[in-house]
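**Student:** This structure is in structure tokens; I'll ask about it shortly.
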Amino acid sequence: MFRLPLLFIATGIVSFVLFHVGSLFTTGGWVLDHPRSPDGWFRVHLLVLDWATMVAMGAVYQLIDVVLQRRIYSRMLGYVHYVFFMGGTVILLAGFLQSRVEWIAVGAVAAVIGILLFVWNVGRTLWEAKRWNPITLSTACALLYLALTGLLGLAMGLNFAFQFWVDLHERLLAAHIWLGTLGWFGLLITGFSYKMLPMFYLSHGASDRPQYYILGLWNAAVLLGVWASLGPGDGSGPTLGVILLLAAALLIYDRLIRDIRKHSHKASPGRGIVWTLWSTRALLVFCILSLCVGLVAPSLLRSLSWIVIAGWVYLWGWVAVTVLGYMSKIVPFLWWTHKYGDQAGRPGVPVMSDLISERSVDAGMWVMAVGLLTALAGMGFMEPWAVFTGIAALSAGALFYIGVIARVFTR
Ligand code: HEM
């Protein structure tokens, strides 16, 4: 069972390295170009599909065992899923980069087949286990939203090639973004955190009631976002509602984390995990700030600069930091179990915490955080040099950090 998650996680690590090497190569200048350009689509999907989604899929294959105490429905299907998803996204990304609409259409079809195989495999496992709780319900919703994100992406890819739904395209894009960001990543991260945070903290006895509220509020935010995109009107009113719902969900999520910490039997869950908690609070502060901006100057909230900044805060500041933080625990666990699981306790056998340096994890996170904040300030105040410097620091920190994670495989 070790090989399948590792295959996805290792491919994700390679994509992450490619993304940052590419970013350093252009000295971060791509960030200032219009995001809806071939280069923008390529870079965004290299990060969200071939890194974050790839690693998340690997983590799901690994953790479903822990959550349900049962194996994935079909391991073989997992490998078929990998071939379609990997092959499809490579063609899709090449199509974005080269502006070849027929490649985009073909790549999108294959990648979506991969996504649907994954959703079927994990969905069937959940269905057969019949253990419905906030963890499994969040995972099921996240899977549904991933499938819809992929199908809408496919609809847009086909539209590029055949102009089937020209008038609908803008609305499909907005719904695609809400479903992918808030729906897929948001529900998967919160859902799996209900299981993992108590494990990392060795915490027992925290109430699970807040998990139901978060699940409800987060789903409401996703559905309102999709309705704002596909329904009548320009979507500005509902967008404020989405931010309000998300802020409420994050506030309760923060409460839940405090409760888990209160019941903890461990001094620290590890630096990577502490950073994920800070990033959740930072996202909450950003939501409150966006709400204030939306009430005082609604047009600012709809401006491209604010949308791009919000995208960076959510995808980098929260999703990427959380995925990276969790990787600092999941990768040593996977590797240690594979390599030393049957020799535990024997002389000379390392303990899991020997596989990764906490100081290096912390240092990498600091550099990334300072880089991201500098880049965001540069975007806000239209200072290109700050954007270039910030993105360069972010990429340097990210490459260092992923090197620390990859080194685990040499231990
Ligand atoms: C097989 C899966 C996917 C396909 C085929 C796909 C396809 C597309 C296409 C064709 C566009 C360009 C639309 C336009 O600007 O007119 C796009 C944009 C976008 N997609 Fe996806 N997508 C997929 C998965 C995802 C996922 C999982 C996310 C997660 C967040 C995502 C996030 C985005 C974002 C943020 C944009 C706007 C990017 C920009 O304007 O540069 N996509 N996608």
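**Student:** Is segment 162-170 home to any residue that is surrounded by 20 or more Cβ atoms within 10 Å (Cβ to Cβ) and either closer than 19 Å to LEU47 by Cβ or without any contact (Cβ under 8 Å) to a residue 60 or more places away in the chain (or both)?
**Tutor:** For segment 162-170, residues surrounded by 20 or more Cβ atoms within 10 Å (Cβ to Cβ) and either closer than 19 Å to LEU47 by Cβ or without any contact (Cβ under 8 Å) to a residue 60 or more places away in the chain (or both): absent.
**Student:** Can you spot a residue in segment 60-71 that is within 19 Å of GLY157 (Cβ to Cβ) and of a type in the set (D, E, K, R)?
**Tutor:** no
**Student:** I've got another one for you. Across segment 56-79, what is the number of residues that are within 19 Å of LEU146 (Cβ to Cβ) and out of contact with any helix residue (DSSP H, G or I) (no Cβ under 8 Å at 6 or more places or on another chain)?
**Tutor:** The total comes to 0.
**Student:** Could you tell me whether VAL44 is of a type outside the set (Gly, Ala, Ser) and under 18 Å from the mean Cα position of the chain (by Cα)?
**Tutor:** Here the answer is yes, as VAL44 does meet what is asked.
**Student:** Right, something else. Name the residues in segment 367-399 that are surrounded by 15 or more Cβ atoms within 10 Å (Cβ to Cβ) and of a type in the set (Phe, Trp, Tyr), would you?
**Tutor:** PHE388
**Student:** Filter segment 1-47 down to residues that are surrounded by fewer than 17 Cβ atoms within 10 Å (Cβ to Cβ) and polar (S, T, N, Q) and give me whichever is nearest to VAL90 (Cα to Cα).
**Tutor:** Looking at residues that are surrounded by fewer than 17 Cβ atoms within 10 Å (Cβ to Cβ) and polar (S, T, N, Q), I get SER37.
We did not get these values from a lab; they are worked out from the coordinates using the rules stated. Since the model is a prediction, treat every value here as computed from it, not as a measurement. Using ideal geometry, Cβ is built from the backbone for each residue, glycine included, and neighbour counts are taken over all protein chains shown.
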